[in-house]
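Below: the structure, in structure tokens.
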Amino acid sequence: MVPCSVTSPSSPFTAIIPRHTFFSRSSSLPLRRARAFPINSLSNGSSSQFNQQLFRPRDPPQPRTLFPGGYKRPELKVPTLVLQLDPAEVLSADTDALALIDRAVSKWVGIVVLASNEASGGKLYEAACSLKSLIQDRAYLLVAERVDIAAATAASGVLLSDQGLPTVVARNTMLDSKSELVVLPLVARIVQTVDAAVNASKSEGADFLIYGGGDLNRVGQEVGSLYESVKIPIFVSCVKNNMSYADASGLLASGASGFVTSLANFGLFGDEFLHKLFGTVYASDDGGRMSENKLNVDNGFQSETEVVAGFVKLEDREKLLIETERLVLNEAIEVIKRAAPLMEEVSLLNDAVSQIDEPFLLVIVGEFNSGKSTVINALLGERYLKEGVVPTTNEITFLRYTDLDIEQQQCERHPDGQYICYIPAPILKEMTIVDTPGTNVILQRQQRLTEEFVPRADLLLFVISADRPLTGSEIAFLRYSQQWKKKAVFVLNKADIYQNNHELEEAMSFIKDNIQRLLNTEDVILYPVSARSALEAKLMATTNVGRLNEELSTSDSHYGATSFFELENFLYSFLDGSTIPGMDRMRLKLETPVAIADRLISACETLVTQDYRYAKQDLAAVEDIVNNVNDFALNMVTESLSWRRQTLSLIETTKSRVIELVEANLQLSNFDIIASYAFKGEKNVMPTTSRIQNDIIGPAVSAVQKILEEYGNWLYSKYTQQGRLYKESFEKRWPSLSHESSQINFETDQLLKKVDQAGSQVIDNFSSNAVSKSFEQEVREMILGTFGQLGVAGLSASLLTSVLQTTLDDLLALGICSAGGYLAISTFPARRQKVIDKVKRKADTLAYELEEAMKKDLTEAIENLDTFVKVLSKPYQDEAQNRLNRLVEIQEELSNVEKKLRTLQIDIQNLNVS
Ligand SMILES: Nc1nc2c(ncn2[C@@H]2O[C@H](COP(=O)(O)OP(=O)(O)OP(=O)(O)O)[C@@H](O)[C@H]2O)c(=O)[nH]1
């Protein structure tokens, strides 16, 4: 199957979806809430066990982040429209239809469902691919029924009919098909009845429902009746209905999260209709229910959204700051992604940015059994969380506020191991409390879950148990949390176990001193409490939480309980924006993402600096290899000297032997013999000449030829071997680049081919025959010169006899011209010397030419090698240089964004300064 050419493989909003968030409305109050059951019963009921099994976090094949506890959950802003499309509509060449889809997803539509409508698999696949590239990340794309096609096209999920696959099977099939998925696929179900809706939302774990069509009044009523029992979004199918404004607003008012529309119907709505519809919904006040939606709706039609809960009700100044912060942090995210594309922890920052205006997160941490759950229960005034001597908290548990009574509270269990529980405790109006698994549990997963969560905390409440104050693992955890610059408040719980005040004070000062040393600060807040006593006291007292603290703090004499209320007072003052702790709280909230960004940026800087150093080293290594040719050349020059010496000495020896022979043979005593050869003409070779040629020069030439051949081979093997060494060095150091350079390989191989050997050419051009001939010519000229002066009278009889037949005329002429024998003969040594000089000159010239030619061969070989290395090194050099340039740019970007973060930090610190 040809893969979709769609670039974005993940669901929309991936970048801003917090891993723990189950639809953004859970970040405040759910739009629809199920009937509540006690939190503890979640782990008791059989259906919940089934759920636990279904939603057991899958162990990813490889950790994808530092926080491998689970997947991200997609986030959906409601109310929204679901656009149902037919494959034929998508594949038609109707540009108006495509433009309408484009308009729909750019503003009103959050989910697009591609109906299968009996289309062939191929058509459906094609339509899904086109749709995906058309809608991009602007809406979720779900394929009806066909999990295989949803998986193949990297759609966001699948819509199942009530007869379709079980939800969990569909989800797991999609997860299995893409091991690198970080965002959970969406699985929605079409239901036709109230029972089916309840079943699909609870035991099946569907992400949202589409309530089947039919009479809108009836459907509206049924959806309304589901309000209490189904907490996931319900969209009413109105594909076949002509929706009036009254119908649509009625459905939304009854609790529907939106409705499903066809393209044709959507075309009829018009912007005014939609503005009016959604505008009314947001403006209406139905006792809080609709206003709760406003927190989460921001896909184009909530510009004047008014946020309601706790700290999200921000002053203009804070709002402005948050906007600036969001911009800077988004910029930081981009820079981090560029600087360290593999740094998966950037998802932390994404999460932090997306939660920037969510309620304050008070995160309770501590070793297992230290009393975290009891502390939280005491804060909440009810035994909402399980307590026990064995580890009881296995998941990150978010406690959020609900104004529904205790019977209606509810928990949502997420596949990534997190609970979100809604509790009507007043403190939760102002902050979300997060219970975490103990940090020294044997199961590493729990420890990891807590560690992962630390960066997201706005304030850590560190619970230390009085029976084991400050253990090694507590210190390790504290150190870890400080890497994220987290502010922590310490609680010494179970203070009731101390026999007396002295013991307590001793423990307090031990803990304080150590924490002060560890955190390098004097400012350590430590409350000794007995959470158990405080909880018992609260439970015994009146249910009127408003009066409770006051009454207990004055009436209860138990130290632990009383001091617990001091902790509570501190936390409340922390929540009050008009107090100094309250201002601190705002700052902490704003600083949380900045601290994460800081940490990631500094990690990036370390990485980039390291990369820069590596790139520099690479560049230097390339230059070293290139420069090494000089060293190699020097060595070669030295080594080549011996070759030249050998050659020259051979020529020298030859020269000496020739001279010796000349001197021995060109004697006046055997002048007649030489002269007889001279006069016999060129056809007769003198014995001296033939000895020079055959015995001396001939063998010498062969010997020189041999040396030169060996020299050539030596040269060739040396520089090709060196060339290969260079090549291997490059390939070994940068294996990833070597396969790309096959063209380079070819070019460089050509360069390493044998050089033309000038030395051999010189010696080949040197002919011993020609040299002998020229020598003989010289001798002959010498004889004739001498003989011409001597005259015929000076010649011996034998000489005359031998020459008379052929050169009588000349001899006569010579004799007539002769001035005197003595004079003639006396010039003989000088003439012989001339011959010897000529022999010497000839030999020296040859020696010179050979030496130059051998040097030329060497130079050429070195130049070839130099060019070879330069060509070979070019891609490596370019790569290192480009990397270096890019890293310099990134360093600059990092330092710019860091400066902005600094400014932001100053602004946050000056939050109260107008
Ligand atoms: N004496 C005494 N015992 C306490 C106090 N607070 C909690 N405990 C007991 O300590 C045990 C552990 O309490 P939990 O609240 O479950 O501790 P936890 O830290 O939440 O435990 P995990 O969730 O398993 O990590 C329980 O038996 C509690 O009753 C206290 O103030 N005094």
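The values are calculated or read from the model by the stated rules, or taken from the named source; none is laboratory data. Predicted, not measured: the structure shown is a model, and the values here were computed from it. In this analysis, Cβ positions are derived from the backbone assuming ideal geometry, glycine residues included, and neighbour counts consider all displayed protein chains. Note: accessible area is taken over every heavy atom of the protein model, side chains too, but ligands, DNA and RNA are not part of it. Shrake-Rupley method; radii C 1.70, N 1.55, O 1.52, S 1.80 Å.
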Inset, instruction - Excluding residues fewer than 8 places away in the same chain, name every one of the lysines whose C-alpha is closer than 29 Å to that of LYS512. - result: LYS372, LYS485, LYS486, LYS487, LYS494, LYS538, LYS589
Legend entry - Accessible area, probe 1.4 Å, largest first, for residues LYS838, LYS123: LYS123, LYS838
Legend entry - Solvent-accessible surface (1.4 angstrom probe) belonging to TRP734, in square angstrom, nearest 10: 20
Inset, instruction - Could you pull out every one of the lysines with an alpha carbon less than 18 Å from that of LYS202, ignoring same-chain neighbours closer than 8 positions? - result: LYS231
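Considering all projection directions equally, how large on average is the shadow of the alpha-carbon convex hull of the stretch 80-279, in square nanometres? The partial results should precede the final answer.
Working: hull surface 42.3 nm².
Directional mean of the projected Cα hull area for the stretch 80-279 stands at 10.6 nm².
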Inset, instruction - Just tell me which lysines come within less than 30 Å, Cα to Cα, of LYS840; anything on the same chain fewer than 8 places away is out. - result: LYS655, LYS680, LYS683, LYS706, LYS773, LYS855, LYS856
Legend entry - Sparsely packed GluC sites (Glu not before Pro) within the stretch 849-904, loop by DSSP, other Cβ within 10 Å at most 10: none
Legend entry - Descending principal axes extents, the stretch 75-174, alpha-carbon based, whole Å: 37, 32, 21
